[in-house]
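J.: I have a structure here, written as C-alpha cells, and I will follow up with some questions on it.
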Amino acid sequence: MRKYPRPRKPDASVAVIDIGSNSVRLVVYEALERSLVSIFNEKALCGLGREVQSTGLLAPDAIKKALMSLRRFHALCKVMKVGRVYAIATAACRDATNGADFIAKAERICGVPIDVLSGPQEAHLAALGVVSSVHKPDGIVGDLGGGSLELTDVRGHRVHRGVTLPLGSLALQDASKTSLKSAERIVKAELSGVAPLKAGKGRTFYAVGGTWRALARIHIIQSGYPLRVMHGYSIPAADALDFLRRLRRLAVSQTLADIEVVTDARQPLLAYAALVLEYIIRIAKPKTIMFSTYGVREGLLYSLLPATERSRDGLICAAQTLNGLMSRSARHADELIGWTDRLVRISKLPETEEDRRLRHAACLLSDIGWRIHPDYRGEQTLNLIMNGNFGDIDHQGRAFIALSVFYRYVGPNKVNAPSSVHDLVTPAMDERARILGAAFRVAYLISAARPGVLSAMHFRSSGRKLKLVFEHRLVDLVADRVGGRFKQLARLVGRSGSIVLR
C-alpha cells in the first residue's frame, strides 16, 4: 500500500490582496497548505490600467475606487483575524508614472508591504499557479490580465523563464483606441516571434485570467456542456478557434452585449481577449486549450510552501482534507486504499498510474456522504464531488471518482448515473467505476467504516475464481448479504466469487 503523508495542520489563515490592472481582489484561504481552500473571495473592477498605455497614468477615479476597496479589504482581514496578509500589484502599477505614489497610499491602508511584481515575476507565479493545480502540466501558460499578457513554458514542475507583453485586455483597448482592427495589428506584431509560443505545437495552452474565464463560461453554456466547473475545462484548439472567430463577428456586429452570462464590466473586453487567444492558437498551434482558475495568487502561496509540500499530489491532499472533515474514519479510508490495491493486484485488473491515483482519491472520498439521507446519498455525493473546489484533476477524472462513489450507494448494476456525468467518461472508465463502487459496497458492509477490519481480509485467486478470505477473528461478520455483494464484485471482474473462512 502506498503511504500518503497526511496534511500538516497550519494554525492560521492567509490572505492575498491582488491589485491588478482591471480588478482589485481579496482572497482569504483557510491555511497555507498544498490544497488551498478559499473561505472568502471578493473583487472590485476598478480599471486601474485602462489609460496607462495612452496617458502613462493610473486614472484618478480608478485610484479612488481602488483605495476604497483596499480599506474594506483591510477591515475584512481584521474582522476575519487573518493570520498573514500578502499584497501584490501587477502591470498597471509597475508601468504607470504615478504607480509608486498609488502603492505608497495603498500600503498605508493595507498595513503590509505591497510587492510590485516585474513581468518575469508575474509570469513565473502564474505558471506556478498552474503547476499547483494541474497534474503534470505540459504546455504554455498564458496569463491575460488587464494590463499585460504573460507567457511561460511549463513541463511538470519545471518552469522556464516567461515573457510579458502589453496585451492585457484594458491595455489593448486603450492602445487601439477601441478599434478592433488596430488591436489586431498590435496583437499580430507583439506575438510574432515570441519564444514560448514556438514550443507550443501539439501541447496544451493553459489560459489564466478572468476575461478568458468569461470566454470559457460562454462556451460552456452555448455548447450545452454538462459541468459548470471552470477549472480544467478543455476545448480542442480547432473548436476554440471557431468559437473565438464567432465571438469576434458578434463584436463587429455589436451584439456581444447580448451575452448575459458575463458581467457588464467584462463585456467590452471580451473581443480583445478573444483576439489575443485566437492569435496565440494560430501561432503556437496547441492541441488543447485548458482554462485554469489558479494563477498568480495561488502561485505565490505555492512558492511559499516547503519543497516537500510542493511535491505532494494536490488531488490527494484535497481528498484527505475532505476525508478528515466528512468521513466517519480517516484511517479506514487509508486502509481501503490498501484493500483495493490488493484487489487490483490479485484480480490482475489493468490500471495505469493515473487510474491508480484516481482510485486512491475515490477511496478517500468514498464516505463523505454518510450524513446525507440514505435515499439521496448517491446523487448528493456525486454532485459534491463533481462541483468540489479542488484542482489537480480534469473533468473526466472528476466524473470517474463521482461515479465510483455513486455506484457505491445505488449499486453497480441498477441504474446509470445522470447522463450529464456519465457522458464525460469512456465506457472503460465507467466499467472501472462500477467495479470500484462494488468493492466499496463489500468493504463498507463488512467493516461499518471502522478501521482495523479490512487489514484482516485477503484476496486469493484460483483460475477463474476470486476468493475473499476472512481471518478467524472476523468470521462472525460473514453473512449472506456479504457473500452476495462479493459475488457481484467478482462477476464485474470476470470471475466467480466465494467467501473463505480461515
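J.: At a Förster radius of 35 Å, what calculated FRET efficiency corresponds to the Cβ-Cβ distance of Leu477 and Ala428, to the nearest 0.05? Provide the component values of the computation, followed by the final result.
T.: On the way: r = 33 Å, r/R0 = 0.94.
It comes to 0.60.
J.: Follow-up question, since we're still on this one. Across the Cα atoms of region 29-185, what radius of gyration and what greatest pairwise Cα-Cα distance (Dmax) are found, in Å?
T.: Rg and Dmax of region 29-185, Cα atoms, are 16.9, 49 Å.
J.: For region 389-431, state which trypsin sites (Lys or Arg not before Pro) are in a DSSP loop and have at most 10 other beta carbons lying within 10 Å of their beta carbon. Please report the intermediate quantities before stating the final value.
T.: Working: sites: Arg398, Arg408, Lys414; in loops: Lys414.
Passing both the DSSP loop test and the Cβ count: Lys414.
J.: Helix 395-410 versus the longest principal axis of the chain: what is the Cα-based angle in degrees, 0 to 90, to the nearest 10?
T.: Relative to the chain, helix 395-410 is tipped by roughly 30 degrees.
J.: Now for a separate question. Find the eigenvalues of the gyration tensor of the Cα atoms of region 367-502, then list the square roots of 5 times those eigenvalues as equivalent ellipsoid semi-axes, largest first, in whole angstrom.
T.: Equivalent ellipsoid of region 367-502: 28, 17, 13 Å, largest first.
J.: Report the FRET efficiency, 1/(1 + (r/R0)^6), for Lys188 and Ile221, where r is their Cβ-Cβ distance and R0 is 35 Å, rounded to 0.05.
T.: It comes to 0.75.
J.: Can you show me the helix-derived [θ] at 222 nm for the chain, built from DSSP H runs with n ≥ 4 at -39,500 (n - 2.57) apiece and divided by the number of residues, rounded to the nearest 500.
T.: -15000 deg cm²/dmol
J.: Run the numbers for Arg246 and Arg161: contour at 0.36 nm per residue of separation, minus the present Cα-Cα distance, in nm.
T.: On the way: separation 85, 0.36 × 85 = 30.60 nm, distance 3.35 nm.
Once the chain is fully extended between Arg246 and Arg161, it gains 27.3 nm.
J.: By average Cβ neighbour count within 10 Å, what is the ranking of 356-363, 240-247 from highest down? Can you show the working numbers first?
T.: On the way: 356-363: 24.2, 240-247: 18.2.
Listed from highest to lowest mean packing, they are 356-363, 240-247.
J.: Between Met80 and Glu379, what is the spin-label point distance in nm, taking each point 7 Å from the Cα along the Cα→C-beta axis?
T.: 3.4
J.: What number, in percent, do you get for the relative contact order of the chain if the mean sequence gap of Cα pairs under 8 Å and at least 6 apart is divided by its residue count?
T.: 12
J.: What fraction of the Cα pairs in region 266-389, stated in percent, has a spacing above 17 angstrom?
T.: Counting every Cα pair in region 266-389, those more than 17 Å apart make up 72 percent.
J.: Follow-up. So what is the diffusion coefficient of region 339-387 in µm² per second by Stokes-Einstein at 25 °C and 0.890 mPa s, using a Kirkwood Rh over Cα pairs?
T.: The calculation lands on 199 µm²/s.
J.: With angles folded into 0 to 90 degrees, how steeply does helix 60-79 sit against the dominant principal axis of the chain? Use alpha carbons for both and round to 10.
T.: Computed tilt is about 30 degrees.
J.: Leu445: net charge of surrounding residues, Cβ under 11 Å, Lys/Arg +1, Asp/Glu -1, itself excluded?
T.: With Lys, Arg at +1 and Asp, Glu at -1, the neighbours total +4.
J.: Order Leu403, Leu445 by their accessible area, 1.4 angstrom probe, all chains in place, largest first.
T.: I get Leu445, Leu403, largest accessible area first.
J.: Let me ask another. Rounded to whole Å and ordered largest first, report the semi-axes of the equivalent ellipsoid of the chain derived from its Cα gyration tensor (root of 5λ).
T.: Gyration-tensor ellipsoid for the chain: 48, 25, 19 Å.
J.: Turning to a different aspect of this structure: Mind giving me the FRET efficiency for Ser311 and Lys105? R0 is 30 Å, r the Cβ-Cβ distance, nearest 0.05 is fine.
T.: 0.15
J.: Given 0.36 nm per residue, what is the gain on full extension from Leu325 to Arg71 after removing their alpha carbon distance, in nm?
T.: Values: separation 254, 0.36 × 254 = 91.44 nm, distance 3.39 nm.
Stretched fully, the Leu325-Arg71 segment lengthens by 88.0 nm.
J.: Then there is this: Quick one: if you stick a label point 7 Å off each Cα along the C-beta vector at Arg371 and Lys465, how many nm between them?
T.: In this crude label model, Arg371 to Lys465 measures out at 4.5 nm.
J.: What figure in square angstrom, to the nearest 10, would you give for the accessible area of Ser455 with a 1.4 Å probe?
T.: Rounded to the nearest 10, the figure is 70 Å².
J.: While we're looking at this one, here's another question. Net charge around Arg71, counting only other residues with Cβ within less than 14 Å of its Cβ (Lys, Arg = +1; Asp, Glu = -1)?
T.: +4
J.: Could you check the spin-label model distance between Ser54 and Ile39? Points 7 Å from the Cα along Cα→Cβ, value in nm.
T.: 4.4
J.: Moving on to the next point. Can you list the trypsin sites (Lys or Arg not before Pro) in region 120-225 that are in a DSSP coil and have 12 or fewer other beta carbons within 10 angstrom?
T.: Passing sites in region 120-225 are Arg161, Lys177, Lys201.
J.: List the lysines whose Cα lies under 30 Å from the Cα of Lys201, skipping any in the same chain that are fewer than 8 positions away.
T.: Partners found: Lys136, Lys181, Lys188, Lys285, Lys287.
The values are calculated or read from the model by the stated rules, or taken from the named source; none is laboratory data. None of these values were measured; they are calculated from a predicted model. Note: ideal-geometry Cβ built from the backbone for every residue, glycine included; neighbour counts use all protein chains shown. These area figures cover heavy atoms from the full protein model, side chains too; ligands, DNA and RNA do not enter into them. Shrake-Rupley method; radii C 1.70, N 1.55, O 1.52, S 1.80 Å.
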